[in-house]
Structures are given as structure tokens and as C-alpha cells.
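Encoded as C-alpha cells, the structure appears first; notes follow it.
Quick note: the coordinates plus some simple rules give every number you see, no bench work behind them. Just so we're clear, the structure is a prediction, and the values are computed from it rather than from any experiment. FYI the Cβ positions are ideal-geometry reconstructions off the backbone, even for glycines, and counts take in every protein chain you see.
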Amino acid sequence: MPYESLLATTHEWIRLRSRGHGQALRRCNVLSRIDDVLVVNETETAPPGFEAAFREHRLALVRLAYLMCGSRDLSEDLVQNAFAAAHPRWSEIDNHLAYLRQAIVNQAKDHQRRYFRHLRLAPSTTPQSVTLLPELDETWTAIRRLPPIQRDVVVLHYYEDLPLVEVAHLLNRPASTVRSDLRRALDRLRKALT
């Protein structure tokens, strides 16, 4: 039997591991696994198109979340939460991918706010962990050093291939500010990479 049998509460995503390890996708340390499945409780079924959207868009959304937050575990959680939030009102959502992308961007921004608030309010007396994943190349290292909002703009514009107007809408910022953020980010990247 390829999967273990598990019960889960409604709207909860469970990763069931099989023997396969998948392959790296798009050089961003997010692995594709054929064993990612949605489990709902016995009395409820997924809305029409929900599972197909999960299978089709999950990896791209995990990559987006990973590039915005830099953590595999957190990116999986962000995507899980986005799908869980969309599940009860799936039939009411017009553009599922746009809704899920917006939910992930909002959650990533919330996480960044909480993280920086925590750093500001609780000064660390313990040494920082040195268990970061090895970086793929010097470009990604430089992108990770950008301020969070500039990193978000770079990821959404260049990685997700979104126009700046849509990036501005996703980040809930004026388009001119997003253009300035992008210009500043590119200036920083040029200096860091030369």
C-alpha cells in the first residue's frame, strides 16, 4: 500500500510520504512529491475543481511562498492555509489562482511583520542558528539580503512574471512606489553582484 491511512480534520492538508523523493523544481529548493494529497473528513467532500486546482497550482504557489519567505516549512504552511481558507467558499471565488496568490502574499507579509516585531521587541541573547540551507547561487544570496518589500517585488515581478501594476495590487501599494522599490532593489543587486 503506497500511502498510510490517516484521518484528518476538515480543511487540513496532510503530506503522506511514499518512497519517492521527487525532483527539484526551478532551482528554488522546493521538491515535487507525488505523494501530496488532500484529506478531508468522511462527511465532507472537496468542492468541484478544488482537488484539480490543488494538484495544478500547489507547486507554483509553494515556490512563490518559498521565494517570499525563504523557508520550506513556512512556504508549505502558507500554501496549506491559503487552500484551507479558500475551501469553504471555493464556488464563490471567481479567479482561484489570483485568490490563492493574494492569500499567500498577505500571509507572507503578515509573517514578516510578526518576525520583525519579534526581533525588535525581544532582543536575542542566544546565538543565531547556523543551519540555513546552502544557497543556490550568489544571485539568490543577494536577493535574500534585500529588504522584505524589495525582495517581494523582485520575486513577484521576475519570478512570477507579473506586471508591476499587478505586483502593486498584490502588495497593496501604489504602482509608483513598487516601481521605486524595484529600481532600488535592482540597484542593490547590481552593487552586490559586481
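Once fully extended, how much extra length lies between Ala98 and Ala84, figured as 0.36 nm per residue of separation less the alpha-carbon to alpha-carbon distance?
Taking 0.36 nm per residue and subtracting the Cα distance, the gain is 3.5 nm.
With a sphere of radius 11 Å drawn around the Cβ of Arg188, what net charge do the other residues whose Cβ falls strictly inside it have (Lys, Arg +1; Asp, Glu -1)?
Combined, the nearby Lys, Arg, Asp and Glu give +4.
Quick one: if you stick a label point 7 Å off each Cα along the C-beta vector at Ser176 and Arg113, how many nm between them?
2.5
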